[in-house]
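Shown below is the structure under consideration.
The values are calculated or read from the model by the stated rules, or taken from the named source; none is laboratory data. Predicted, not measured: the structure shown is a model, and the values here were computed from it. Neighbour counts run over all protein chains shown; Cβ positions are idealised from the backbone, glycine included.
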Amino acid sequence: MLGWTFLFLILALLAGALGFSGVAGASAGIAQILFVIFLVLLVISFLARALRGQPPV
């Protein structure tokens, strides 16, 4: 699951770079959505790891 969060992070950063530089106006909205998905998956990853009894990295 952590691999998916990194994938969404990279996609969000790429979409953000395109959207905020003026290349594609719609990319800014996509970047915001992907960033929220990344944060949600990050929290889920941390909770899953904590529930398994492993300390946070």
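Mind listing whichever residues of the stretch 18-34 are modelled with pLDDT of 75 or more and either surrounded by fewer than 17 Cβ atoms within 10 Å (Cβ to Cβ) or not in a helix (DSSP H, G or I) (or both)?
Scanning the stretch 18-34 gives Gly29, Gln32, Ile33.
Sticking with this structure for a sec: Looking at the stretch 30-55 only, could you name the residues that are in contact with a helix residue (DSSP H, G or I) (Cβ under 8 Å, 6 or more places away or on another chain) and aromatic (Phe, Trp, Tyr)?
Across the stretch 30-55, the qualifying residues are Phe35, Phe38.
If a residue must be modelled with pLDDT of 80 or more and over 21 Å from Ala48 (Cα atoms), how many such residues does the stretch 2-17 contain?
Restricting attention to the stretch 2-17, the residues satisfying the condition of being modelled with pLDDT of 80 or more are 3-14.
Now narrow it down to the ones that are over 21 Å from Ala48 (Cα atoms): 10-14.
Selection size over the stretch 2-17: 5.
Would you call Leu42 in a helix (DSSP H, G or I), modelled with pLDDT under 75 and of a type in the set (A, V, I, L, M)?
Values: in a helix (DSSP H, G or I): yes; modelled with pLDDT under 75: no; of a type in the set (A, V, I, L, M): yes.
For Leu42, the condition - in a helix (DSSP H, G or I), modelled with pLDDT under 75 and of a type in the set (A, V, I, L, M) - is not met.
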